[in-house]
Amino acid sequence: MNDETASDRRGFLFPGGAVFLLSVAMIKNALCLLLLASFFCPTACRGDGKRTVRFFQSGKELTAFIAETADTPEKKVRGLMFRKELAKDAGMLFIYPEDEGLAFWMKNTLIPLDIIFFSKDMRVVGILHNPPPCKSDPCPTYPSPAPAKYALEINAGLTDALGLSTQCTARID
């Protein structure tokens, strides 16, 4: 089979002469799957490891952050260590399996941060305002005020400036 015949049949010619033929139905099915995937996970499937975290009070959206996810033990330990800057609308989202007492340290943290803790039912359960960075071992830890499944680190002062409080709820897109 030559290249012209393979291309006439909507196929691909692989080394060794093997031809993979695509039918119109197969192409339509693949496009439908891609469309469905983009509908059901528009940001979770972005591929950049970031999620949008939105905060609401009385049903009104107050703000949103584009957050890197710390969803592995290595990422959770490193957090925002050694970062010299963080965009105003950025943060780091720490994700745990269930609501639990969380504790954070500020080892090698160069930028001042606030930490927002929220539960699996997406209620803000506490906020740590600008915990001091740790410059030498042993570093103190700062516990969540209540069990939480999520913690979001953002630039210090933004929680107050944006009116974020334990009266808020969150949504992760």
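The values are calculated or read from the model by the stated rules, or taken from the named source; none is laboratory data. All of these numbers come straight from a predicted model, not from anything done at the bench. Here Cβ is always computed from backbone atoms with ideal geometry, including for glycine, and neighbour counts include all displayed protein chains.
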How many residues of the range 92-134 are surrounded by 19 or more Cβ atoms within 10 Å (Cβ to Cβ) and of a type in the set (F, W, Y)? The answer is 4
Residues satisfying the stated conditions in the range 89-112, i.e. in a strand (DSSP E or B), under 17 Å from the mean Cα position of the chain (by Cα) and either hydrophobic (A, V, I, L, M, F, W, C) or closer than 19 Å to L158 by Cα (or both): A90, G91, M92, L93, F94, I95
Residue satisfying all of: in the range 78-88; under 16 Å from the mean Cα position of the chain (by Cα) and of a type in the set (A, V, I, L, M); surrounded by the most Cβ atoms within 10 Å (Cβ to Cβ) among these: L86
Can you list residue pairs whose Cβ atoms sit under 6 Å apart, with the first residue in the range 135-161 being part of a strand (DSSP E or B) and surrounded by 15 or more Cβ atoms within 10 Å (Cβ to Cβ) and the second being modelled with pLDDT under 95 and of a type in the set (G, A, S)? Count only pairs 6 or more apart in sequence or on different chains. none
